[in-house]
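Trainee: Dropping a structure here in structure tokens format, bear with me for questions.
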Amino acid sequence: EAQVTQNPRYLITVTGKKLTVTCSQNMNHEYMSWYRQDPGLGLRQIYYSMNVEVTDKGDVPEGYKVSRKEKRNFPLILESPSPNQTSLYFCASSGPRAYNSPLHFGNGTRLTVT
Amino acid sequence: DAKTTQPTSMDCAEGRAANLPCNHSTISGNEYVYWYRQIHSQGPQYIIHGLKNNETNEMASLIITEDRKSSTLILPHATLRDTAVYYCIVRNNQGGKLIFGQGTELSVKP
């Protein structure tokens, strides 16, 4: 089954403790991206990757890192999490061409930083 | 990438057509209009997309104005399960940056 898998689904951590949220897709998609969702603010893009070793900032990249060493994986790294990064996070992937490239989203990771 | 503007919320009676508008007045010639919806806090789900022609699939219809500055998503016979937040975005072949905005919260009422 074609899918985007995020792990973990829920994560509670403390300020400053480095964490990684994993994202993996099995559709051989070139494009992958990360979003955070906060009440009243909709979905905001954090980072995106057009292909392996190619990443770029979205609208809210501060406090986050990403890497794209292989096509299927696009982990989101919080080197020193802070309470304002408490949010619902989504990973998504698609083919590279807009004409036939719907985004496929993961089920989300709910992060709480205390 | 162009930004989109949508009403914050809309109501629709069950069984009636739901017409959700989206304004994308700064859209470029190579940008496609995509619609997604999000039920509760699940991952957003793709609905439909188009460039300039009207499109229809098993979920919905997409009507794009001739000048392409706005579009309407039509759910022909809304059900309670269509209650969700609907997002309209534009996307081109070159850019990876996507702006979702806050979407339209559609409430389908019995």
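Trainee: If the cut-off is 14 Å between C-alpha atoms, which aspartates and glutamates fall inside it for residue B:3, apart from same-chain ones fewer than 8 positions away?
Mentor: In chain and number order, the partners are A:59, B:31.
Trainee: Same structure, new question: Each label point is 7 Å from the Cα along the Cα-to-Cβ direction; what then is the distance between the points at residue B:57 and residue B:74, in nm?
Mentor: With each label point 7 Å from Cα toward Cβ, the separation is 1.8 nm.
Trainee: Also: I'd like the FRET efficiency for residue B:40 and residue B:10, computed as 1/(1 + (r/R0)^6) with the beta carbon distance as r and R0 of 22 Å, rounded to 0.05.
Mentor: 0.80
Trainee: Fewest first, what order do A:32, A:27, B:10 take by the number of other Cβ atoms within 10 Å?
Mentor: Ascending Cβ contact count within 10 Å gives the list A:27, B:10, A:32.
Trainee: Please work out the C-alpha center-to-center distance from region B:1-63 to region B:80-110 and express it in whole Å.
Mentor: 6
Trainee: What is the set of long-range amide H partners of residue B:32 at a cut-off below 5 Å, with H atoms built 1.01 Å from backbone N?
Mentor: Result for residue B:32 returns B:91, B:92.
Trainee: Let me ask another. May I ask for the net charge around residue A:64, where only other residues with Cβ less than 10 Å from the Cβ of residue A:64 are counted and Lys, Arg are +1 while Asp, Glu are -1?
Mentor: Net of charged neighbours comes to +1.
Trainee: Which whole-Hz ³J(HN,Hα) couplings does region A:78-93 yield from phi under the Karplus relation 6.51 cos²θ - 1.76 cosθ + 1.60, θ = phi - 60°, glycine and proline marked x?
Mentor: 10, 5, 9, x, 10, x, 6, 9, 5, 5, 9, 10, 10, 10, 9, 9
Trainee: With a Förster radius of 45 Å, plug the Cβ-Cβ distance of residue A:7 and residue B:93 into 1/(1 + (r/R0)^6) and report the FRET value to the nearest 0.05.
Mentor: 0.90
Trainee: Beyond 31 Å between alpha-carbons counts as too far, so tell me which of B:69/B:97; A:17/B:97; A:17/A:57; A:18/A:69; A:65/B:69; A:57/B:109 fall in that bin.
Mentor: Correct reply: A:65/B:69; A:57/B:109.
Trainee: Using the basic label-point model (7 angstrom from Cα toward the beta carbon), what is the residue B:28 to residue B:81 distance in nanometres?
Mentor: Each label point lies 7 Å from its Cα, and together they span 3.9 nm.
Trainee: Still on this model: Relative to 2.2 N^0.38 Å, what does the C-alpha radius of gyration of chain A come to as a ratio? Two decimals please.
Mentor: Numbers: Rg = 13.4 Å, N = 114, 2.2 N^0.38 = 13.3 Å.
Normalised by 2.2 N^0.38 Å, the Cα Rg of chain A equals 1.00.
Trainee: Taking Rh as the Kirkwood radius, which is the inverse of the mean 1/r over Cα pairs, what is the Rg/Rh value for the protein assembly as shown?
Mentor: Working: Rg = 17.4 Å, Rh = 17.9 Å.
A ratio of 0.97.
Read the figures in this text as sums done on the coordinates, not as results from a lab. Predicted model, so just to flag it, every value in this text is computed and none were measured. Don't worry about glycine lacking a Cβ; one is built from the backbone with ideal geometry, like all the others, and counts go over all protein chains shown.
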